[in-house]
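Have a look at the structure below before the remarks.
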């Protein structure tokens, strides 16, 4: 079984913003073992009178889960 997964969250305030977005695939190998692979974007920063900083981090993810 193959599933498309989209997870996203963000936060904004007068001090700055942050976003976290994941897009990936979940693959059920058997009833106890799952594999997940995807892409994640983490972005955020602040722009005010004292600080200006922003970062964007892109990375691939790979994971396994086992049900006991």
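The values are calculated or read from the model by the stated rules, or taken from the named source; none is laboratory data. Because the structure is predicted, anything quoted here is derived from the model rather than measured. Cβ coordinates were reconstructed from backbone atoms using ideal geometry, including for glycine residues, and neighbour counts include every protein chain displayed.
Observations on the structure shown:
- If only residues of the range 47-68 that are over 30 Å from residue 28 (Cα atoms) and assigned to a strand (DSSP E or B) are counted, the one that is modelled with the lowest pLDDT is 47.
- Among the residues of the range 27-47, those identified as over 16 Å from residue 11 (Cα atoms) and surrounded by 10 or more Cβ atoms within 10 Å (Cβ to Cβ) are 27, 28, 29, 32, 33, 34, 35, 36, 37, 38, 39, 40.
- Qualifying residue in the range 23-34 (condition: part of a strand (DSSP E or B) and without any contact (Cβ under 8 Å) to a residue 24 or more places away in the chain): yes
- Filtering 4, 11 for residues that are surrounded by 10 or more Cβ atoms within 10 Å (Cβ to Cβ), in a strand (DSSP E or B) and at pLDDT 95 or above leaves a single hit, 11.
- Filter pass, residue 16 being surrounded by 11 or more Cβ atoms within 10 Å (Cβ to Cβ), at positive phi and over 11 Å from the mean Cα position of the chain (by Cα): yes
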